[in-house]
Every structure is written in structure tokens, then in C-alpha cells.
């Protein structure tokens, strides 16, 4: 058999007898083929029932201002976080998400970004905050790189379906020592019903993930 690509899990037509000509399958091969299709059907039904999200290797999006919005509420922030602003704006206007918004603002306040919010300003969707260190108000400005990474991860955890599998490549992109504790706080609140697989390149980040149910694999 020849597997066309990974879409075989979503489309059984991806598994076809090898070769361009029609083949006569003997009894045992025919049974194996039917068994394979049955397994694929089970996998396809399972995958369609969970959320599977892949992010990275770099989170880089226009963090301050988004024009020409034509996107309905989504449960995926995008591979590079390109839908973070839109998704956050939905959360900030949903009364059912008030508790999540309060926690998000509390965490960012601890990082020096006060009054963080997402919403409309001058006809665009923007993120705004006050930089506690200088007291400057930022409305629609480019975000610091580490803030983008944390925002993308947090927002995805907030909106991902249950159950779901979240894959993050280069998860500690732009993060510095001490921020692993922030990630721990976020995971402890939002990892329930979700499996998170992160590629991490810095040992300090691993050391700071103080969670009893985190399983670490070292890849040489």
C-alpha cells in the first residue's frame, strides 16, 4: 500500500493499492486492506472529535493593530499567532470570559503591562496597555517579543476545544529566565482537558516548569 500523505487519517481515499493499474487482491491482502480502512475510520472519527493545534516555530504577529477584520470567532490563534488580536477581542467582549480576562490582566500586570485590553480603536482592532516602568500608554503599538509568545500560548489555551492536543514548536521563543513561572501559572489554570506538547530549547525553562503532571523528554 502507498500512503499518499497524512490526510489519509482524514480521508480514507489517501490509502490506495500501489501502482496505476487495477490490482487483484488475494483474500488475505483484501482482509488486511479492509482492516486498515477500519482503523483509519476510527482514527478519523477521533481526530474530528478533538482539537489539534500546531503553533510555531516562531510567534510573530502584528501585535498592536489589525485592519480589515473579516474573521468570525475561532478556536485557533494561528500557526504564528496571526489571529491572537481577533480572538482576544472576542474574549474581552464575552461576559462569560470575565474571569479569564481578569487572570490574563493580572499576569500581565505582574510583568509590567497594566490595564491590558483588546478592542476597537480608530476603526481598527488593537491591543493596549500601560507600561508600568515608564508610565507610557501603548495603543496599537508593536508588542515586545516575549509578550507575543505568552499571549499566543495563553489565548490558545483559553479557546482550545476540550479535549485537544496543542503542539508548540520552539515554545520558549523570546522568553527569558523567570518567565517559566508565568507559564506554569497559566498551565495550572487552563491545561485541564488538554494535552500540551512543547519543544523547549533552554534548560532553565524546563527547571521552572514546577508542575507534578509535566512529563519531560530529552531529545539528543
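The values are calculated or read from the model by the stated rules, or taken from the named source; none is laboratory data. Everything numeric in this text was worked out from a predicted model, so none of it was measured. A quick note on method: Cβ atoms are made from the backbone with ideal geometry, for glycine too, and the neighbour counts reach across all protein chains shown.
Determine the pairs where a residue that is within 17 Å of residue 147 (Cα to Cα) and in the same structural domain as residue 104 (by TED's automatic domain parsing), located within region 178-201, has a partner that is in a helix (DSSP H, G or I) and modelled with pLDDT of 85 or more with Cβ atoms under 6 Å apart, the partner being 6 or more residues away or on another chain.
That search, which allows pairs on different chains as well, returns 180/205; 180/208; 181/208; 186/154.
When you check residue 97 against the structure, is it surrounded by fewer than 20 Cβ atoms within 10 Å (Cβ to Cβ), touching a helix residue (DSSP H, G or I) at 6+ places or on another chain (Cβ under 7 Å) and in contact (Cβ under 8 Å) with a residue 40 or more places away in the chain, yes or no?
yes
Which of the following residues is assigned to a helix (DSSP H, G or I), assigned by TED's automatic domain parsing to the domain that holds residue 121 and modelled with pLDDT of 80 or more: 79, 86?
Every option except 86 fails the conditions.
Okay, residues lined up against (1) out of contact with any strand residue (DSSP E or B) (no Cβ under 6 Å at 6 or more places or on another chain); (2) more than 23 Å from residue 198 (Cα to Cα); (3) surrounded by 11 or more Cβ atoms within 10 Å (Cβ to Cβ); (4) modelled with pLDDT of 75 or more:
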site: 10; (1), (2), (3), (4): yes, yes, yes, no
site: 14; (1), (2), (3), (4): yes, yes, yes, no
site: 27; (1), (2), (3), (4): yes, yes, no, no
site: 30; (1), (2), (3), (4): yes, yes, yes, no
site: 40; (1), (2), (3), (4): yes, yes, yes, yes
site: 52; (1), (2), (3), (4): no, no, yes, yes
site: 55; (1), (2), (3), (4): no, no, yes, yes
site: 60; (1), (2), (3), (4): yes, no, yes, yes
